[in-house]
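Report on the following structure.
Each reported figure results from applying straightforward, stated rules to the coordinates on display, with no laboratory input. For clarity, every value in this text was computed on a predicted model and none was experimentally measured. Cβ atoms come from the backbone with ideal geometry, glycine included; neighbour counts cover every protein chain shown.
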């Protein structure tokens, strides 16, 4: 029998009870009971299940832990970005690295009054991860609410310095007191679409060789025009390896069906010896490979030029799509002769396609 006395509470436990001066290294989640208060429970939620980590996650994790090791105060990291973009994987890799460095990890998944005091009472160095912070600790005001109540915890060092990590999907739901404050949260890592090289490596690893060979060209085109995530890639590979076509896969999966394949075309053209910028906004590039694109209209001042091009004439680099100039078919041009002189000659200098803020609602993605 073991007797544990805390304040006025006397509790009787069996022989399995052990006492420690510090929290043993491990992964924990915070639990709350309205009658007993806060406690910690061992957890397996933060275990890394992936055999291979893609991108720069490991490098960023090391950067966080090295930074924490070289300060004498609390250290904060914000992880933001769309769902499925890699934030959860980052926290799992971070948790594993913390354990390797003898740093306990505590995950907070609910906003209970008094949580700041409970975390503060842990008198040692620990890593505290607030999952989906923007949702769990949502505040309508910067001055009051669960986020504001945590500010003193993030700033203070009353009971051992701590590494605080918060994940969020919507930055507009974070308190302004957390953003642009490197003294409070030193790093802010934004998660988006993986780099093209990482996507290719992932597809090579996950797809059967014959499936990879049959689909890679269309998949890379898809990855370049769509804001893709690892969740997308995982689901696509699963379906393709089961023998389903890419068309059926993209049509049936629980992924965004509205087109985000809209681009702005920017062309620099010498018109009568003068360099003019021609643009066309919101071009939908989600056409099947090999199909001719619709005639595009480019505007500059009062000039309008029409062109036709094909998907295979486009290459990708540096987050932009570049057009093979000799492949362009310039059809005709018009001008408002009340304001501009007639086009006597023109020379195309460059053509580029950039992601557009324009979105065509309800468009179906076809590649």
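Observations
- Averaging 1/r over each pair of different alpha-carbon atoms in segment 22-191 and inverting the result gives 16.1 Å, the Kirkwood hydrodynamic radius.
- Residue 72/residue 179 FRET efficiency (R0 25 Å; Cβ-Cβ; nearest 0.05): 0.55
- Global geometry of segment 196-252, whether rounded, prolate or oblate, following the gyration tensor of its Cα atoms and the 1.5 cut on a/c: rounded
- Pairwise label distance in nanometres, residue 349 with residue 17, each label 7 Å out on the Cα-Cβ vector: 8.0
- Gyration tensor verdict on segment 67-162 (Cα atoms; rounded if a/c is under 1.5, prolate if a/b is larger than b/c, oblate otherwise): oblate
- Maximal additional length on extending the residue 39-residue 297 stretch stands at 86.4 nm, based on 0.36 nm per residue less the C-alpha distance.
- Quotient of Cα Rg and 2.2 N^0.38 Å for segment 100-253, N being how many residues it contains: 1.41
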